[in-house]
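The values are calculated or read from the model by the stated rules, or taken from the named source; none is laboratory data. Please read these numbers as outputs of a predicted model, since none were measured by experiment. For neighbour counting, all protein chains shown are included, and Cβ atoms are generated from backbone atoms with ideal geometry for every residue, glycine included.
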Amino acid sequence: MLALVMLFGLVSALGGSAMAADVTIDSTNFPDANFREFVKQYDTNNNGVLNTEELAAVTTMDCGYYNIASLKGVEHFTALKTFYCYNNQLTSLDLSSNTALMHISCYNNQLTSLDVSAVPAIRDAVVNGTKDSSNPAYDFY
């Protein structure tokens with residue numbers, strides 16, 4: 001019982017969630033080869049792993065024009081405030097883990113799904129040019 005209380009206290013002290021872990025740059029964490037190659041620039045010590053400091057340092061990302069079909073792995077960049085992914089091959093985009101985001105630009109993709117549901121501070125979302133422009137989720141915020 002005491003151990004459980006101590007564990008709860010530790011989790012509470014950390015803000016209610018577990019600390020971010022290091023992320024290996026591989027096909028499991030970044031399945032799209034083009035996006036995987038793109039994120040290697042943030043591996044400042046070139047060890048094939050994005051450590052917590054490297055991830056936290058990325059507040060702006062511009063991966064436009066990289067022929068990316070999947071941005072799986074972007075969820076590890078939780079410090080992102082500005083994110084550009086325009087002119088790729090995306091059909092869905094889940095940014096629900098990127099809660100620090102304020103600006104996104106993802107136009108000229110084939111988006112049919114965009115999840116910014118857990119992003120409270122979104123100020124600007126440019127998503128025109130998607131397949132489903134009638135969806136209110138694709139309006140300017």
Identify, by number, the condition in (1) within 23 Å of residue 67 (Cβ to Cβ); (2) at pLDDT below 80; (3) surrounded by fewer than 17 Cβ atoms within 10 Å (Cβ to Cβ) that residue 124 doesn't meet.
(1)
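State whether one or more residues within the stretch 13-27 are outside any loop (DSSP other than H, G, I, E, B), out of contact with any strand residue (DSSP E or B) (no Cβ under 6 Å at 6 or more places or on another chain) and at pLDDT below 95.
yes
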Step by step: first the residues of the stretch 98-117, then only those that are more than 15 Å from residue 70 (Cβ to Cβ) and of a type in the set (Ser, Thr, Tyr), then the one that is modelled with the lowest pLDDT. Which residue is that?
117
